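Trainee: Could you have a look at this structure, given as structure tokens, before my questions?
Rule-based calculations on the coordinates, nothing more; no lab input. In this text, all values refer to a predicted model and were calculated from it rather than measured experimentally. All Cβ positions, even for glycine, are placed from backbone atoms using ideal geometry, and neighbour counts span all protein chains on display.
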Amino acid sequence: KRPVAAPDKDLARPVTKVGVIGAGLMASQFALLFARRLQVPVVITDVSAERVDKGLSSIRDEIAKLEQKGRLDGDAANRLRALVTGTTEKAEFSDCDFVIEAVFEETAVKQQVFREIEQFVAEDAILATNTSSLSVEEIGSVLAHPERLIGFHFFNPVAVMPLVEVVRTPQASDAAVSTAFVVAKALKKNAIGSADAPGFIVNRLLAKVMGEAARAVDEGAALTDVEHAFGPLGLPMGPFELIDLVGWKVAAHVQDTMATHFPDRFYSSPNLHALAELDAPLERDKKGRITGWSKEAKKAIDVGRSP
Ligand code: 3HC
């Protein structure tokens, strides 16, 4: 693979309007972050007006919280409210210079949204995927201009986590990569470059931790024992709290990807997949601390399972 080239800010495309495809949890956080840090209009879209409205209302709630905390004054909050709009019409993306997607984690779904959006945006608009472990090159293979696609992988909670991975495919143009680094800096994130390898860099590390935590449970360890092992190491969250934060399905998908590509090095737990089908695998106390598995989860976990 070609090494990640050093970004060149002279090559970066100026960003005057951002498009966000998807209006779910992560996408809504992107919209707010881009509007707040770049101070440019941001338009979000999704498959239905209801989903767009839900996304917009969660953005308004976050703006209200920032205002209450005194992080934004009234004028700045109102400016932000005006900057973020929603639509189901992709034509409203035609003047976006930077479009990022956070839709369902499946190559075909991401390919479809980019193929559609490519019909509307300018030829040199930059496209970014927030995929956590799919091949960016494969997603871009359906595009007329795959050189404009980069991976731009954020971490939950987006507002707080300081990192973003910039994933460069062999086809990616220097303009696309440079734009990604310049945008990341404007978002006040630390950008690291990664080749388009399974799990990029962060999930390659995290999948080890999550996989071994799941394996310990598969072998009979108590959930709370595994969780509490983490605190003394100085990490802010135990492995299952982290899985709960990123989403069980996402975590199971990351484990699968890594185990498929590196079967000798990564473990994909059948219990993790069973838990991913449940609404709430964890039981928590009033303060939100994990106290054990939920009733449903206890039925789903099969100790001694191995693939
Ligand atoms: N949205 C916005 N702000 C949030 C937030 C959210 N979802 N969650 C927390 N915050 C803010 C709080 O409002 C608070 O802000 P304030 O200082 O202005 O009041 C600040 O973050 C700190 O929050 P808390 O005091 O409530 O809690 P903690 O000090 O316990 O920190 C944490 C919470 C930052 C989430 C910390 O536990 C942490 O860093 N956890 C690890 C998270 C992590 O590793 N994420 C990566 C997951 S991997 C991933 O996403 C990739 C995927 O591909 C798998």
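Trainee: Treating the angle as unsigned and between 0 and 90°, give the value, to the nearest 10°, between the Cα long axis of helix 74-83 and the longest Cα principal axis of the chain.
Mentor: Between the helix axis and the principal axis of the chain, the angle is about 80 degrees.
Trainee: Now, a different point. Are there any chymotrypsin sites (Phe, Trp or Tyr not before Pro) in segment 70-112 that are in a DSSP loop and have at most 14 other Cβ atoms within 10 Å? List them by number.
Mentor: Values: sites: 93, 98, 104; in loops: 104.
Filter output for segment 70-112: 104.
Trainee: With axes computed from alpha carbons, what is the tilt in degrees of helix 202-218 against the longest principal axis of the chain, rounded to the nearest 10 within 0 to 90?
Mentor: 20 degrees
Trainee: Can you give me the orientation-averaged projected area of the convex hull built on the Cα atoms of the chain, in nm²?
Mentor: 16.7 nm²
Trainee: Modelled label-to-label distance, residue 109 and residue 73, 7 Å Cα→beta-carbon offset: nm?
Mentor: 4.2 nm
Trainee: Another one. Over what distance in Å are the Cα centres of segment 107-183 and segment 32-78 separated?
Mentor: 22 Å
Trainee: What is the magnitude of the charge dipole of segment 202-300 about its Cα centre, with +1 placed on the Cβ of each Lys and Arg, -1 on the Cβ of each Asp and Glu, and no other charges, expressed in debye to the nearest 20?
Mentor: Numbers: 12 positive and 14 negative charges, 36 e Å.
It comes to approximately 180 debye.
Trainee: Quote the FRET efficiency, to the nearest 0.05, computed for residue 303 versus residue 264 with a Förster distance R0 of 35 Å and r equal to the Cβ-Cβ distance.
Mentor: Using R0 = 35 Å, I get an efficiency of 0.90.
Trainee: Using DSSP to call loops (not H, G, I, E or B), can you name the GluC sites (Glu not before Pro) in segment 85-183 whose Cβ has at most 15 other Cβ atoms within 10 angstrom?
Mentor: 89, 106, 123
Trainee: Counting only other residues whose beta carbon sits under 13 Å from that of residue 84, what net charge do I get with K and R as +1, D and E as -1?
Mentor: +2
Trainee: To the nearest 0.05, what FRET efficiency results for residue 16 and residue 209 with a Förster distance of 51 Å applied to their C-beta separation?
Mentor: In this case the efficiency is close to 0.80.
Trainee: Kindly express, to the nearest 10 degrees and within the range 0 to 90, the angle between helix 25-38's C-alpha long axis and the longest C-alpha principal axis of the chain.
Mentor: Taking the Cα atoms of the chain, the angle to 25-38 is about 40 degrees.
Trainee: To continue, here is another question. By the scheme Lys and Arg +1, Asp and Glu -1, what is the net charge of all other residues having a beta-carbon under 13 Å from that of residue 224? Display every interim value, and only then the final one.
Mentor: On the way: positive: 284, 289; negative: 225, 227, 241, 283, 285.
Here the charged neighbours net out to -3.
Trainee: Next question. Taking the Cβ of each residue in 148, 289, 284, 36 as the centre, tally the other Cβ atoms inside 10 Å and list the residues starting with the fewest.
Mentor: 289, 284, 36, 148
Trainee: Shifting gears a bit: Can you work out the base-10 log of I(q)/I(0) for segment 202-300 at q = 0.12, 0.13, 0.15, 0.20 1/Å, using the Debye formula on its C-alpha atoms alone?
Mentor: -0.35, -0.41, -0.55, -1.00
Trainee: Hey, another quick one. Can you give the FRET efficiency for residue 49 and residue 249, using 1/(1 + (r/R0)^6), R0 = 30 Å, r = Cβ-Cβ distance, to the nearest 0.05?
Mentor: Working from the Cβ atoms, E equals 0.75.
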